[in-house]
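The values are calculated or read from the model by the stated rules, or taken from the named source; none is laboratory data. Given the structure is predicted, the values throughout are model-derived calculations rather than measurements. When we count neighbours, we look across all protein chains shown, and the Cβ atoms used for this are built from the backbone with ideal geometry, even at glycine. With ligands, DNA and RNA removed, areas are computed over all heavy atoms of the protein, side chains included. Shrake-Rupley method; radii C 1.70, N 1.55, O 1.52, S 1.80 Å.
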Amino acid sequence: MENVKTATKKPVVKKKVLYVAAECKGFMTTGGLAEVAGSLPKGIMDTDKTYDVRVIMPLYKKIIDTYGEKLEYIGQKYINMPRDKQYCGVFKYVKDGVIHYFIDNRYYFYRDGSPYGHYDDGERFAFFSKAVLEVLDIIDFYPDIINANDWHTALVNIYLDVYYKKNQYYTNIKSVFTIHNIEYQGVYGKDFNYNVMDIGMENLSLVEYNGNINLIKGAIVCSDLVTTVSPTYANEIKDPFYSCGLYHIINQNAFKLRGIINGIDINFYNPKTDNVIKPNYDLKTIELKKEVKQNLQRKLGLQENPNACIVSVISRLASHKGIDLIIDRFHDIMRENVQFIVLGTGEQYYENKFRGFEWAYPGRVKACITFNTDLSKEIYAGSDCFLMPSKMEPCGLSQMIASRYGTVPIVRATGGLRDTIIDYGDNGNGFVFQEYNSFHMLDKIKQAAGLYTDYKDQWKELVDRVMKMDFSWNASAKLYIKEYEQLLNKE
Ligand code: GLC
């Protein structure tokens, strides 16, 4: 019989992390930030039971419309903004075991459409950031660590440093700032300070950059730790080409910069259980992927040709995603044995280019100029190759999602793409080109399509390697925990 320990268990004192984000999957999604905010907190808690990670975000109209009465009201107060006092309600909802808090102010957040791109974004997120620090008593959760994300929540860490740490309840809170994309910095004129931001003149230099207010710069300077979403990107942003003007600041603060690759939610993206994929499959039943492909071809009006190699792009149609390379070489790509699918919205020029290509190659090209999660899964699963020729890619999640569905990534070696995909020539899990050059991209597409068409066995082996990649949060959650622990042990 086993020895039974009789001592009563000591209650575990949990380490508390408040994860602050402008978007979070399940509530509001526009991009990768939501994917991470929607899966990392659970990833950390699944990995280490001594962590209690909670999420806080604005209460957008869409969340009220979706969850309505299910949101639990927990309290309210008024927040001082430079020109007035603003109501701040706090609501709560538990999703997949993760507690989410929502900051309610209908003047700022009860709007249709995207959470960004409003004339007063700076003010909306300044209010939100102040509210996060103000409601800790209402939510009764004084965290050990606040992990803010991107420029929208940069002011949380700035306010914490310049004002709140003086208060004994806040003194020991450590701050982490995660950069998901350094391109978006939250840049405003100086008037932003007295109209909106409201930090004293004596602190202004912390947030000033190139004659403007730059919120990301302020957060980099004020936070205890700065992370970004891949090791390669952490290095790249020390360079003028990638840093969008901030390399001085990055280099000065390199001592507190870490690059941790994102994971993906492998339960949400799972070809074996996904109910939008017909039929379901996994590595053992990979033959069924052919049927998913055929269904996709039928649905999108492509020729039902099993031998054509389907190359897909699911992306914001923006320049830094490398869309120009695709457009430059499109007719060359179509000389290969391929079909081409694009799903995404973005700059009108690109949208129209792809519409034109669909018209020029009936039955071989499909341009879905929309954003649709279900369709994206059908495309991830039904395609053979997934193309990501990004100019810059802090992490990139799509190459990992595609891999999960056994679809082979073709990527440029930048940021997280470099850290996750190794070239076929090196016995890797995809096709990788180095320089931002459309002919180099074309070479890799040709190589992939050639292998797919003429070397079925090798292709199968490649798909096998691709599907066996572990892109779950397992490894990365451990890295976050390691960094958090170091912070907590620091005086
Ligand atoms: C941003 C980046 C993307 C990254 C995502 C999540 O959207 O552009 O590369 O994967 O954030 O961190």
Failed item in (1) within 15 Å of the ligand (Cβ to nearest atom); (2) modelled with pLDDT under 95, with Ile260 passing the rest: (2)
So Gly415, is it within 12 Å of the ligand (Cβ to nearest atom) and either at pLDDT 95 or above or not hydrophobic (A, V, I, L, M, F, W, C) (or both): yes
Spans of helices (runs of 4 or more DSSP H) in the stretch 383-490 with at least 1 residues among the aromatic types (Phe, Trp, Tyr): 438-454, 456-468, 474-488
Counted residues, the stretch 185-209 - those being modelled with pLDDT of 95 or more and open to solvent by 70 Å² or more (accessible area, probe 1.4 Å): 2
All strands (runs of 3 or more DSSP E) inside the stretch 199-279 with 2 or more residues being under 21 Å from the mean Cα position of the chain (by Cα) and either touching a residue at least 12 places away in the same chain (Cβ under 8 Å) or over 19 Å from Pro394 (Cβ atoms) (or both): 225-228, 257-259
Breaking point among (1) more than 16 Å from the ligand (Cβ to nearest atom); (2) part of a helix (DSSP H, G or I); (3) of a type in the set (Ser, Thr, Tyr), for Tyr380: (1)
Of the criteria (1) open to solvent by 10 Å² or more (accessible area, probe 1.4 Å); (2) within 16 Å of the ligand (Cβ to nearest atom); (3) on the phi < 0 side of the Ramachandran plot, which one Asp150 fails: (3)
Criterion: assigned to a loop (DSSP other than H, G, I, E, B) and open to solvent by 40 Å² or more (accessible area, probe 1.4 Å) - qualifying residue of Glu291, Glu336, Glu358, Glu287: Glu336
Residue count for the stretch 302-323, restricted to those that are surrounded by fewer than 18 Cβ atoms within 10 Å (Cβ to Cβ) and either of a type outside the set (S, T, N, Q) or free of Cβ contacts under 8 Å to residues at least 60 places away in the same chain (or both): 6
The stretch 153-171, subset touching a residue at least 12 places away in the same chain (Cβ under 8 Å) and not aliphatic (A, V, I, L, M), residue surrounded by the most Cβ atoms within 10 Å (Cβ to Cβ): Asn157
Cross-chain or 6+ apart pairs with Cβ under 7 Å, the stretch 172-187 first and assigned by TED's automatic domain parsing to the domain that holds Leu33 and charged (D, E, K, R), then away from the ligand (no atom under 13 Å from the Cβ) and in a loop (DSSP other than H, G, I, E, B): Lys174/Asp144; Lys174/Asp224
